[in-house]
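J.: The structure under discussion is supplied below as structure tokens; questions concerning it will follow.
The values are calculated or read from the model by the stated rules, or taken from the named source; none is laboratory data. Everything numeric in this text was worked out from a predicted model, so none of it was measured. A quick note on method: Cβ atoms are made from the backbone with ideal geometry, for glycine too, and the neighbour counts reach across all protein chains shown.
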Ligand SMILES: Cc1cc2nc3c(=O)[nH]c(=O)nc-3n(C[C@H](O)[C@H](O)[C@H](O)COP(=O)(O)OP(=O)(O)OC[C@H]3O[C@@H](n4cnc5c(N)ncnc54)[C@H](O)[C@@H]3O)c2cc1C
């Protein structure tokens with residue numbers, strides 16, 4: 001299915017690489033101590049599957065609560081090899097979607113979740129200081145710019161709700177002039193600013209978490225893919241080279257969990273693309289983008305962009321790939337069209353940056369639930385817990401999620417396990433129905449965005465699909 005429109009021509013992108021620019025940079029700076037693959041049979045109090053943020057924060061929280069616990073973490077590749085080392089690095093609050101969250105969970109419970117996520121943004125700086133972690137953290141907020149009247153602005157109900165609860169300052173409405181003073185895109189017609197966002201170098205955060213949990217005695221086995229899980233007491237997690245007999249198991253293997261029957265209908269696997277420019281610090285000053293405030297627009301497939309510490313721009317969005325049945329391999333990971341779409345966003349938002357060179361392109365899988373919210377469940381066996389479905393917003397919610405998963409694994413009944421996301425996911429249709437359904441939705445989103453960019457009306461079919469999807473995902 002193709003999307004009408006000629007694109008913002010002249011933008012060239014490199015071949016989509018297998019590894020993100022972030023992870024290359026982080027590993028080159030510090031490969032960390034070796035974590036050899038699992039061999040033989042080992043016993044553990046808790047076995048964690050997946051060395052992304054969800055698994056690493058869980059390991060961290062377990063050692064925080066019970067320092068003597070025997071924790072083994074199994075990672076198929078290297079820690080940070082999944083979405084956690086490939087993302088935009090927006091450590092963000094969920095205030096922009098607080099209206100939807102409260103419609104789903106009720107006002108009190110919804111606000112508890114949004115507040116937990118919002119608070120986690122501020123906690124990251126203290127965590128980095130405590131552990132001497134350099135993750136290129138900049139807590140300067142984000143401008144969600146409305147790039148034209150065709151882009152739907154923030155949900156007025158969300159703004160009113162925050163106001164009612166004394167949280168009005170979490171989202172500040174800006175007019176075009178104020179938005180352009182944050183970063184001078186000629187596209188902005190209005191904007192929303194929230195101070196509750198930090199940018200990080202995501203792979204460095206993943207690698208620093210790995211360092212800290214290793215220092216705390218967690219046994220991290222890289223190159224150790226779980227190939228089988230046998231339920232029982234203990235449960236047994238098998239890899240090609242060994243097995244872990246564990247009293248408790250935490251499944252935190254992100255989009256790859258789609259291959260497991262328990263989660264086959266829990267989420268669709270989307271693939272998001274990012275590109276990074278050459279260093280252009282002076283050019284960024286010249287377009288009035290000072291400091292490290294993050295930027296995003298309000299389109300359906302929103303563009304999100306931020307600076308790196310060496311003066312580049314990393315940008316993603318504009319479109320998305322979709323893996324059939326959750327199969328994360330092959331062409332869905334290497335679309336030049338989607339990488340170019342991400343790059344075109346920079347030139348569209350800042351025409352003065354036309355001609356900048358893009359030096360690296362990559363992609364990463366995301367476990368996308370129907371609501372866009374994660375879910376935390378304990379499987380019927382009673383000692384296998386899962387935290388999945390972070391849906392493109394996992395940086396902050398995996399930090400909160402680590403507390404939830406640690407509490408579930410330790411059998412502690414605290415405020416974390418009473419958060420409303422501790423519940424089964426809304427099921428999506430099974431394949432082969434799901435792929436065409438989500439693909440049509442993506443086509444409609446992208447087509448609507450392209451029409452808006454060109455000052456045209458949305459084609460009626462695309463508009464109808466978008467409106468159906470808005471109701472379906474609520
Ligand atoms: C391009 C892109 C941009 C994004 N931008 C943002 C953003 O700016 N802000 C934000 O909040 N979120 C963003 N996200 C989403 C965010 O990256 C994820 O929500 C988050 O990283 C999920 O963490 P995770 O630990 O659940 O999964 P992952 O990081 O994917 O970790 C899962 C790990 O499990 C391993 N694994 C898989 N199968 C097995 C197995 N069988 N055995 C052992 N290990 C296994 C994988 O190798 C992987 O390392 C983005 C995602 C992408 C792809």
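J.: Quick one: would you say residue 98 is over 12 Å from the mean Cα position of the chain (by Cα) and either near the ligand (Cβ under 6 Å from one of its atoms) or more than 21 Å from residue 116 (Cα to Cα) (or both)?
T.: no
J.: Let me ask you something else. So if I check each of 32, 88, 80, which one is in contact with a helix residue (DSSP H, G or I) (Cβ under 7 Å, 6 or more places away or on another chain), within 12 Å of the ligand (Cβ to nearest atom), assigned to a loop (DSSP other than H, G, I, E, B) and within 22 Å of residue 402 (Cβ to Cβ)?
T.: Criteria check complete, one pass: 80.
J.: Quick check on my filter: what residues within the stretch 64-77 are assigned to a loop (DSSP other than H, G, I, E, B) and near the ligand (Cβ under 6 Å from one of its atoms)?
T.: 75, 76, 77 - these are the residues of the stretch 64-77 that are assigned to a loop (DSSP other than H, G, I, E, B) and near the ligand (Cβ under 6 Å from one of its atoms).
J.: Only residues in the stretch 65-77 that are assigned by TED's automatic domain parsing to the domain that holds residue 405 count as the first member; pair them with residues that are within 16 Å of the ligand (Cβ to nearest atom) and in a loop (DSSP other than H, G, I, E, B), Cβ under 6 angstrom, at least 6 apart or cross-chain, and list the lot.
T.: Between residues of the stretch 65-77 that are assigned by TED's automatic domain parsing to the domain that holds residue 405 and residues that are within 16 Å of the ligand (Cβ to nearest atom) and in a loop (DSSP other than H, G, I, E, B), the close pairs are 71/218; 73/51; 73/218; 74/224; 74/226; 75/51; 75/222; 76/225.
J.: May I ask you to verify whether residue 295 is within 21 Å of residue 10 (Cβ to Cβ), surrounded by 20 or more Cβ atoms within 10 Å (Cβ to Cβ) and modelled with pLDDT of 95 or more?
T.: no
J.: How many residues, within the stretch 36-53, are touching a helix residue (DSSP H, G or I) at 6+ places or on another chain (Cβ under 6 Å) and more than 10 Å from the ligand (Cβ to nearest atom)?
T.: 1
J.: If only one of 247, 228, 176 is within 11 Å of the ligand (Cβ to nearest atom) and either assigned by TED's automatic domain parsing to the domain that holds residue 390 or at pLDDT 95 or above (or both), which one is it?
T.: Exactly one of 247, 228, 176 is within 11 Å of the ligand (Cβ to nearest atom) and either assigned by TED's automatic domain parsing to the domain that holds residue 390 or at pLDDT 95 or above (or both), namely 228.
J.: Among what's in the stretch 392-413 and is part of a loop (DSSP other than H, G, I, E, B) and within 13 Å of the ligand (Cβ to nearest atom), pick the residue that is surrounded by the fewest Cβ atoms within 10 Å (Cβ to Cβ).
T.: Applying the filter and picking the extreme gives 393.
J.: Looking at 338, 373, can you tell me which residue is part of a loop (DSSP other than H, G, I, E, B), surrounded by 19 or more Cβ atoms within 10 Å (Cβ to Cβ), within 14 Å of the ligand (Cβ to nearest atom) and at pLDDT 95 or above?
T.: 373
J.: Which condition does residue 422 not pass, out of (1) within 29 Å of residue 237 (Cβ to Cβ); (2) away from the ligand (no atom under 14 Å from the Cβ); (3) more than 19 Å from the chain's Cα centre (by Cα), if it passes all the others?
T.: Just one mismatch for residue 422, condition (3).
J.: Starting from residues that are within 21 Å of the chain's Cα centre (by Cα) and assigned to a loop (DSSP other than H, G, I, E, B), keep the ones in the stretch 197-221 and report whichever is nearest to the ligand (Cβ to nearest atom).
T.: Per the stated criteria, the residue is 200.
J.: Any chance the stretch 229-238 includes a residue that's in a loop (DSSP other than H, G, I, E, B), farther than 30 Å from residue 308 by Cβ and in contact with a strand residue (DSSP E or B) (Cβ under 6 Å, 6 or more places away or on another chain)?
T.: Within the stretch 229-238, one or more residues are in a loop (DSSP other than H, G, I, E, B), farther than 30 Å from residue 308 by Cβ and in contact with a strand residue (DSSP E or B) (Cβ under 6 Å, 6 or more places away or on another chain).
J.: Follow-up. With respect to the numbered conditions (1) closer than 22 Å to residue 153 by Cβ; (2) surrounded by fewer than 22 Cβ atoms within 10 Å (Cβ to Cβ); (3) out of contact with any strand residue (DSSP E or B) (no Cβ under 6 Å at 6 or more places or on another chain), which one is the sole condition not fulfilled by residue 330?
T.: (1)
J.: For the stretch 54-63, check the following and say yes or no: at least one residue is away from the ligand (no atom under 16 Å from the Cβ), farther than 18 Å from residue 197 by Cα and not in a loop (DSSP other than H, G, I, E, B).
T.: Looking for residues that are away from the ligand (no atom under 16 Å from the Cβ), farther than 18 Å from residue 197 by Cα and not in a loop (DSSP other than H, G, I, E, B), one finds at least one in the stretch 54-63, hence yes.
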